[in-house]
Amino acid sequence: MAKVLVPLADGFEEIEAMAIIDVLNRAGNEVVVAGLFDNEVEGANSGLKVLVNTLLNEVDTEEFDMIVLPGGLPGAEHLAKSELVQDMIKKMNEKGKMVGAICAAPWALKEAGVLEGKKHTNYPGFEEKTGVEGYIADQKVVIDGNVVTSRGPGTAICFALEIVRKLNGEETYKQLKEGLLAEYC
(Lines give C-alpha, C1' and ligand atoms only; values in the text may rest on other atoms or scores of the structure.)
Protein backbone atom coordinates (compact mmCIF):
# COMPACT_ATOMS: atom_id res chain seq x y z
CA MET A 1 0.00 0.00 0.00
CA ALA A 2 0.98 3.64 -0.41
CA LYS A 3 2.32 6.07 2.15
CA VAL A 4 0.54 9.44 1.97
CA LEU A 5 1.45 12.73 3.64
CA VAL A 6 -1.40 15.07 4.69
CA PRO A 7 -0.12 18.41 6.02
CA LEU A 8 -2.47 20.39 8.26
CA ALA A 9 -2.29 24.08 9.12
CA ASP A 10 -4.59 26.07 11.35
CA GLY A 11 -7.73 26.91 9.41
CA PHE A 12 -7.94 23.60 7.52
CA GLU A 13 -11.33 22.51 6.12
CA GLU A 14 -12.51 19.80 8.50
CA ILE A 15 -14.69 17.83 6.06
CA GLU A 16 -11.92 17.66 3.47
CA ALA A 17 -9.15 16.65 5.86
CA MET A 18 -11.20 13.97 7.59
CA ALA A 19 -12.53 12.53 4.31
CA ILE A 20 -9.02 12.29 2.88
CA ILE A 21 -7.55 10.71 6.01
CA ASP A 22 -10.44 8.29 6.56
CA VAL A 23 -10.94 7.08 2.98
CA LEU A 24 -7.22 6.61 2.32
CA ASN A 25 -6.85 4.68 5.59
CA ARG A 26 -9.86 2.48 4.72
CA ALA A 27 -8.03 1.54 1.51
CA GLY A 28 -5.12 0.27 3.60
CA ASN A 29 -2.73 3.14 2.98
CA GLU A 30 -0.43 4.55 5.62
CA VAL A 31 -1.54 8.14 6.13
CA VAL A 32 0.77 10.48 8.04
CA VAL A 33 -0.90 13.68 9.22
CA ALA A 34 1.68 16.35 10.02
CA GLY A 35 1.17 19.79 11.52
CA LEU A 36 2.76 22.73 9.74
CA PHE A 37 3.27 24.80 12.89
CA ASP A 38 2.20 22.71 15.87
CA ASN A 39 1.02 19.28 17.01
CA GLU A 40 -2.45 20.72 17.74
CA VAL A 41 -4.14 22.07 14.63
CA GLU A 42 -7.47 23.92 14.64
CA GLY A 43 -10.06 23.63 11.89
CA ALA A 44 -11.57 26.56 10.01
CA ASN A 45 -15.23 26.17 10.87
CA SER A 46 -16.00 24.22 14.01
CA GLY A 47 -13.13 24.91 16.36
CA LEU A 48 -12.29 21.22 16.06
CA LYS A 49 -8.72 20.63 17.19
CA VAL A 50 -6.74 17.72 15.80
CA LEU A 51 -3.70 16.31 17.55
CA VAL A 52 -1.05 15.10 15.13
CA ASN A 53 1.90 12.87 15.97
CA THR A 54 4.49 14.74 13.97
CA LEU A 55 5.44 18.10 12.55
CA LEU A 56 5.94 18.62 8.84
CA ASN A 57 9.59 19.60 9.30
CA GLU A 58 10.22 16.16 10.86
CA VAL A 59 9.17 14.10 7.82
CA ASP A 60 11.19 13.05 4.78
CA THR A 61 9.31 13.27 1.49
CA GLU A 62 11.46 10.43 0.14
CA GLU A 63 9.35 8.07 2.27
CA PHE A 64 6.05 9.10 0.68
CA ASP A 65 4.20 8.18 -2.50
CA MET A 66 1.89 11.20 -2.39
CA ILE A 67 1.18 14.50 -0.67
CA VAL A 68 -2.47 15.63 -0.33
CA LEU A 69 -3.44 19.13 0.81
CA PRO A 70 -6.85 19.87 2.34
CA GLY A 71 -8.27 23.32 1.73
CA GLY A 72 -9.99 25.77 4.02
CA LEU A 73 -8.93 29.25 5.00
CA PRO A 74 -6.57 30.35 6.28
CA GLY A 75 -5.15 26.78 6.20
CA ALA A 76 -4.64 26.70 2.43
CA GLU A 77 -2.97 30.11 2.55
CA HIS A 78 -0.54 28.87 5.20
CA LEU A 79 0.31 25.89 2.96
CA ALA A 80 0.66 28.08 -0.15
CA LYS A 81 3.02 30.50 1.59
CA SER A 82 5.16 27.90 3.38
CA GLU A 83 8.62 27.41 1.87
CA LEU A 84 8.73 23.96 3.45
CA VAL A 85 5.46 22.91 1.81
CA GLN A 86 6.56 24.39 -1.53
CA ASP A 87 9.83 22.48 -1.35
CA MET A 88 8.04 19.21 -0.54
CA ILE A 89 5.54 19.61 -3.37
CA LYS A 90 8.32 20.44 -5.86
CA LYS A 91 10.48 17.47 -4.83
CA MET A 92 7.60 15.01 -5.03
CA ASN A 93 6.40 16.36 -8.36
CA GLU A 94 9.91 16.27 -9.85
CA LYS A 95 10.13 12.57 -8.93
CA GLY A 96 6.76 11.89 -10.58
CA LYS A 97 5.08 11.19 -7.26
CA MET A 98 1.43 12.10 -6.89
CA VAL A 99 0.37 15.48 -5.54
CA GLY A 100 -3.20 16.41 -4.69
CA ALA A 101 -5.13 19.38 -3.39
CA ILE A 102 -8.75 20.32 -2.84
CA CYS A 103 -10.75 23.53 -2.44
CA ALA A 104 -8.38 26.49 -1.95
CA ALA A 105 -5.29 24.27 -1.57
CA PRO A 106 -4.50 24.01 -5.31
CA TRP A 107 -3.13 27.51 -4.66
CA ALA A 108 -0.15 25.79 -3.01
CA LEU A 109 0.32 23.62 -6.11
CA LYS A 110 0.32 26.76 -8.26
CA GLU A 111 2.91 28.41 -6.01
CA ALA A 112 5.12 25.32 -6.39
CA GLY A 113 4.82 25.46 -10.19
CA VAL A 114 2.96 22.15 -10.36
CA LEU A 115 -0.15 23.45 -12.16
CA GLU A 116 1.78 24.92 -15.08
CA GLY A 117 0.38 23.29 -18.21
CA LYS A 118 -1.99 21.11 -16.16
CA LYS A 119 -5.75 20.87 -16.02
CA HIS A 120 -7.10 21.46 -12.54
CA THR A 121 -10.08 22.53 -10.48
CA ASN A 122 -10.53 24.32 -7.18
CA TYR A 123 -13.10 26.10 -5.04
CA PRO A 124 -15.09 28.47 -7.30
CA GLY A 125 -13.51 31.90 -7.35
CA PHE A 126 -9.99 30.73 -6.51
CA GLU A 127 -8.92 30.70 -10.15
CA GLU A 128 -7.13 34.02 -9.55
CA LYS A 129 -4.84 32.12 -7.15
CA THR A 130 -4.53 28.87 -9.12
CA GLY A 131 -4.60 30.23 -12.64
CA VAL A 132 -7.38 30.45 -15.21
CA GLU A 133 -5.34 28.49 -17.75
CA GLY A 134 -6.26 24.82 -17.40
CA TYR A 135 -9.06 25.52 -14.89
CA ILE A 136 -12.09 23.23 -15.24
CA ALA A 137 -15.17 24.49 -13.42
CA ASP A 138 -17.66 21.67 -13.92
CA GLN A 139 -15.89 18.51 -12.66
CA LYS A 140 -15.78 17.24 -9.08
CA VAL A 141 -12.27 15.87 -9.52
CA VAL A 142 -9.67 16.61 -12.20
CA ILE A 143 -6.70 14.32 -12.77
CA ASP A 144 -3.86 15.37 -15.04
CA GLY A 145 -0.90 13.02 -14.87
CA ASN A 146 0.31 12.89 -11.28
CA VAL A 147 -1.82 15.87 -10.16
CA VAL A 148 -5.26 15.37 -8.59
CA THR A 149 -7.46 18.37 -7.69
CA SER A 150 -11.02 18.83 -6.48
CA ARG A 151 -13.54 21.56 -5.78
CA GLY A 152 -14.46 21.61 -2.09
CA PRO A 153 -16.15 20.03 0.94
CA GLY A 154 -18.98 18.48 -1.07
CA THR A 155 -16.54 16.69 -3.38
CA ALA A 156 -14.13 15.50 -0.67
CA ILE A 157 -15.20 11.84 -0.66
CA CYS A 158 -15.09 11.70 -4.47
CA PHE A 159 -11.63 13.28 -4.36
CA ALA A 160 -10.36 10.74 -1.83
CA LEU A 161 -11.89 7.87 -3.80
CA GLU A 162 -10.15 8.97 -7.00
CA ILE A 163 -6.88 9.04 -5.10
CA VAL A 164 -7.60 5.49 -3.93
CA ARG A 165 -8.25 4.48 -7.52
CA LYS A 166 -4.83 5.86 -8.55
CA LEU A 167 -2.94 4.43 -5.56
CA ASN A 168 -4.77 1.16 -4.87
CA GLY A 169 -6.52 0.17 -8.08
CA GLU A 170 -10.00 -0.18 -9.49
CA GLU A 171 -11.16 -3.06 -7.27
CA THR A 172 -10.37 -1.26 -4.01
CA TYR A 173 -11.96 1.91 -5.42
CA LYS A 174 -15.18 0.06 -6.30
CA GLN A 175 -15.40 -1.69 -2.92
CA LEU A 176 -14.91 1.54 -0.98
CA LYS A 177 -17.28 3.52 -3.18
CA GLU A 178 -19.99 0.92 -2.65
CA GLY A 179 -19.34 0.64 1.10
CA LEU A 180 -19.43 4.42 1.55
CA LEU A 181 -22.68 4.68 -0.47
CA ALA A 182 -20.92 7.18 -2.70
CA GLU A 183 -22.79 6.46 -5.94
CA TYR A 184 -22.77 10.21 -6.65
CA CYS A 185 -19.02 10.13 -7.31
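For segment 122-141, the candidate set comprises residues that are of a type in the set (D, E, K, R) and surrounded by fewer than 17 Cβ atoms within 10 Å (Cβ to Cβ); within that set, the residue that is farthest from Cys185 (Cα to Cα) is Glu128. Of all residues in segment 85-92, none are open to solvent by 10 Å² or more (accessible area, probe 1.4 Å) and at pLDDT below 95. Name the residue, out of Glu183, Glu178, that is part of a helix (DSSP H, G or I), at pLDDT 95 or above and open to solvent by 20 Å² or more (accessible area, probe 1.4 Å). Criteria check complete, one pass: Glu178. Among the residues making up segment 30-41, those that are open to solvent by 10 Å² or more (accessible area, probe 1.4 Å) and in contact with a helix residue (DSSP H, G or I) (Cβ under 8 Å, 6 or more places away or on another chain) are Val31, Val33, Leu36, Phe37. Can you confirm whether Val68 is aliphatic (A, V, I, L, M), in contact with a helix residue (DSSP H, G or I) (Cβ under 6 Å, 6 or more places away or on another chain) and buried (at least 22 other Cβ atoms within 10 Å of the Cβ)? So Val68 passes the test.
Selection of segment 142-167 for residues being open to solvent by 30 Å² or more (accessible area, probe 1.4 Å), in a helix (DSSP H, G or I) and within 16 Å of His120 (Cβ to Cβ) yields Glu162, Lys166. Please specify each residue of segment 5-29 satisfying the condition of being under 18 Å from Ala76 (Cα atoms) and either open to solvent by 10 Å² or more (accessible area, probe 1.4 Å) or aromatic (Phe, Trp, Tyr) (or both). Correct list: Asp10, Phe12, Glu13, Glu14, Ile15, Met18, Ala19, Ile21. For segment 42-60, filtering for residues that are surrounded by fewer than 16 Cβ atoms within 10 Å (Cβ to Cβ) and either part of a strand (DSSP E or B) or among the hydroxyl-bearing types (Ser, Thr, Tyr) (or both) leaves 5.
The values are calculated or read from the model by the stated rules, or taken from the named source; none is laboratory data. Keep in mind it's a predicted model, so treat the numbers as computed, not measured. Note that each Cβ is placed from the backbone with ideal geometry, even for glycine, and that neighbours are counted across all protein chains shown. These accessible areas exclude ligands, DNA and RNA; they are computed on the full protein's heavy atoms, side chains included. Shrake-Rupley method; radii C 1.70, N 1.55, O 1.52, S 1.80 Å.
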